[in-house]
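Asks: Before anything else, here's the structure in question.
The values are calculated or read from the model by the stated rules, or taken from the named source; none is laboratory data. Quick caveat, the model's predicted, so the values are computed rather than measured. For neighbour counting, all protein chains shown are included, and Cβ atoms are generated from backbone atoms with ideal geometry for every residue, glycine included. Please note that ligands, DNA and RNA were not included when accessible areas were found on the heavy atoms of the full protein model with its side chains. Shrake-Rupley method; radii C 1.70, N 1.55, O 1.52, S 1.80 Å.
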Amino acid sequence: MDSPQVTQLFRQLFSHRASQCLVRGARPALRQAARTPQTQQRGKATKAAPRTTTRLGEGETKRESKWQPRRNVFPHERTEEFERYPLVTSDMLRSRRERPRRVRMLLRDFIEDSLYNPHYGYFSKQVVIFSPGEPFDFPSLSSEHAFFQSLRHRYTAFEDALDFQEPNDLRQLWHTPTELFSPYYGEAIARYLVEDYKYSSYPYHDLNIYEMGAGNGTMMLNILDYIRDCHPEVYERTKYNIIEITTQLADLQQQGLGHSAYARGHSDKVEIVNKSVFDWDQYVSSPCYFLALEVFDNFAHDALKYDWQTGTPYQSHVVIDPRGEMFEYYSRALDPLAAQFLERRHAACKSYPDPLSGSRLMNSVRSLLPFHDSLTMPEYIPTRLMQFFYMLYQKFPNHKLISSDFHKLSDGVEGLNAPVVQTRYKRQMIPVSTPLVHQGYFDILFPTDFEVVEPMYTAITGRFARTYSHEVFMSGRANIEETQTRNGENPLLSWYKNASVMITV
């Protein structure tokens, strides 16, 4: 258990006077939402340690100062040492109970390990998902601002109750639209499922639903409640399957089924499979619906930089030394998955954002400028998402995908399609400037470029998709009157304007 040590680290970092120039935009998550309710996300600081001037520890050099913020400076004098480290993958680290040292890995493996390692990963050990309790009575609220005030009150009460049981300055608490707008958000998804199922498969096939990353299980309960109450003939043909990588959340989902007699009635309809979707080995030939709501953003990405003159891509690697210090370097040798992504994207997309955008002449001139890096800023590519599409094609050939995620995020690190890396300390959300962070205590979430993702999905699976804004999709499926305040504002539509919905057509 490393919480006391990590808590001490955070206290040192944010009590030290230099932290004023390290932290950017630190603010309570809900206070930020009050100022900009139209955009949402789950939410720069850097690592520091006491300064020493005497003995150097293993892996230290005289150039290092432990109270300096981490910089993107690779210690070339240690190259020979780093080359002796083994190259590992996130799969190889699954059984480790301690964070690795003296290793090298691709950035995507570092991110995967940081988020999903069973013993110290962010989703495995740190995450708490906010639940507002009883649904909000929107028609009784005067305005969207009144909804926010009520939400803030419930948020505070929820965390006060947790602190009463066990105080925790590092609690990673966040919310989802499923929870904030329960049951209305889930019912909108259910209406789409039933409508499409009746049009395309009923009564020849059962309604088979698969949900990945189901959180507290609220979406499952909202969908099943709606189908049972409004379409009993479909409910008889319904089977709901959850694929959950995190044991802690799989247990919460099972507990939700036993929360009340009303929920227990769904038990024979639900199967919860505690495994990664990338380990799925069962072939599902029958028509089915696959829900992936706010999961693309936490799929691991690779980072590439390009030579300004030649356009040659270089791939990001992470080195972790004996002290746990992390360094990033870029290699000209692309691994097969990154190379496959570039080939697929080039074939599927007519155009896409590119760090090399601009004329070749200007890029060549830029590379010759004094003190100018010969490589571009990093581009983060969704290689894990591509693998997910291949999994759907190979294991669920007759699926229909319903996905929702952020197409834009604020406070991202430097780069194209760059992630937001953030942690929560004393109820404040702290965005940081690098993905090379203490594994398990930081959320790493990426925006989804649906203009690239949609054609790639079609190219890989052979199935066409369509992308809607969150507002447009909800307007056509939700019962708008249930989420409208007295002055006519509708938080279900006005919040999450930075989110999109992509569905198979």
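Asks: Give me a count of the residues in region 382-406 that are open to solvent by less than 10 Å² (accessible area, probe 1.4 Å) and basic (Lys, Arg).
Replies: 0
Asks: Filter region 198-219 for residues that are buried (at least 19 other Cβ atoms within 10 Å of the Cβ), farther than 19 Å from Phe123 by Cα and either of a type in the set (Phe, Trp, Tyr) or within 29 Å of the chain's Cα centre (by Cα) (or both) and give the result. Working first, answer last.
Replies: Looking only at region 198-219, we keep the residues that are buried (at least 19 other Cβ atoms within 10 Å of the Cβ), and these are 201, 207-219.
With the extra rule that they be farther than 19 Å from Phe123 by Cα, the set shrinks to 201, 207-210.
If the condition is that a residue be buried (at least 19 other Cβ atoms within 10 Å of the Cβ), farther than 19 Å from Phe123 by Cα and either of a type in the set (Phe, Trp, Tyr) or within 29 Å of the chain's Cα centre (by Cα) (or both), then Leu207, Asn208, Ile209, Tyr210 are the ones that fit.
Asks: Continuing with this model, one more query. Could you please give the count of residues in region 307-325 that are surrounded by fewer than 18 Cβ atoms within 10 Å (Cβ to Cβ) and of a type in the set (Asp, Glu)?
Replies: 1
Asks: May I ask you to say which residue of Gln422, Gln428 is within 17 Å of the chain's Cα centre (by Cα), more than 21 Å from Phe290 (Cβ to Cβ) and not small (Gly, Ala, Ser)?
Replies: After ruling out the rest, the residue left standing is Gln422.
Asks: What residue, among those in region 152-171 that are basic (Lys, Arg) and at pLDDT 95 or above, is farthest from Val128 (Cα to Cα)? Please lay out each step first, then the result.
Replies: Step one: list which residues in region 152-171 are basic (Lys, Arg), which gives 152, 154, 171.
Narrowing the set further to residues that are at pLDDT 95 or above leaves 152, 154.
Working: Arg152: 16, Arg154: 15 Å.
Per the criteria, the residue is Arg152.
Asks: Sticking with this one: Output the qualifying pairs, or none if there are none: Cβ atoms under 6 angstrom, residues six or more apart or on different chains, first residue in region 488-505 and of a type in the set (A, V, I, L, M) and open to solvent by 10 Å² or more (accessible area, probe 1.4 Å), second residue at pLDDT 95 or above and in a helix (DSSP H, G or I).
Replies: Hits for this filter: Leu493/Glu471; Leu493/Met474.
Asks: What single numbered condition from (1) over 28 Å from Glu481 (Cα atoms); (2) in contact with a strand residue (DSSP E or B) (Cβ under 8 Å, 6 or more places away or on another chain); (3) modelled with pLDDT under 95; (4) open to solvent by less than 40 Å² (accessible area, probe 1.4 Å) fails to hold for Trp280?
Replies: Among (1) over 28 Å from Glu481 (Cα atoms); (2) in contact with a strand residue (DSSP E or B) (Cβ under 8 Å, 6 or more places away or on another chain); (3) modelled with pLDDT under 95; (4) open to solvent by less than 40 Å² (accessible area, probe 1.4 Å), Trp280 violates only (3).
Asks: Listed residues Leu342, Leu334, Leu291, Leu304; which is under 30 Å from Thr238 (Cα atoms) and either open to solvent by 30 Å² or more (accessible area, probe 1.4 Å) or in contact with a helix residue (DSSP H, G or I) (Cβ under 8 Å, 6 or more places away or on another chain) (or both)? Let's see the steps before the verdict.
Replies: Numbers: Leu342 fails: under 30 Å from Thr238 (Cα atoms); Leu334 fails: under 30 Å from Thr238 (Cα atoms); Leu304 fails: under 30 Å from Thr238 (Cα atoms).
The match here is Leu291.
Asks: Follow-up. Out of all the residues in region 98-126, which are open to solvent by less than 10 Å² (accessible area, probe 1.4 Å), hydrophobic (A, V, I, L, M, F, W, C) and within 13 Å of the chain's Cα centre (by Cα)?
Replies: Once the filter is applied, which keeps residues that are open to solvent by less than 10 Å² (accessible area, probe 1.4 Å), hydrophobic (A, V, I, L, M, F, W, C) and within 13 Å of the chain's Cα centre (by Cα), region 98-126 yields Ile111, Leu115.
Asks: Which members of region 376-390 meet the condition of being assigned to a strand (DSSP E or B) and of a type outside the set (Asp, Glu)?
Replies: The initial filter retains those residues of region 376-390 that are assigned to a strand (DSSP E or B), namely 379-381.
Listed by number, the residues that qualify are Tyr380, Ile381.
Asks: Could you list all residues from region 414-460 that are closer than 21 Å to Asp302 by Cβ, open to solvent by less than 20 Å² (accessible area, probe 1.4 Å), out of contact with any Cys (no Cβ under 8 Å at 6 or more places or on another chain) and among the aliphatic types (A, V, I, L, M)?
Replies: Result: Ala418, Val420, Val421, Val432, Leu436, Val437, Ile444, Leu445, Val453, Ile460.
Asks: Would you pick out the residues in region 155-177 that are touching a Ser or Thr at 6+ places or on another chain (Cβ under 9 Å), open to solvent by 20 Å² or more (accessible area, probe 1.4 Å) and part of a helix (DSSP H, G or I)?
Replies: Phe158 - this is the single residue of region 155-177 that is touching a Ser or Thr at 6+ places or on another chain (Cβ under 9 Å), open to solvent by 20 Å² or more (accessible area, probe 1.4 Å) and part of a helix (DSSP H, G or I).
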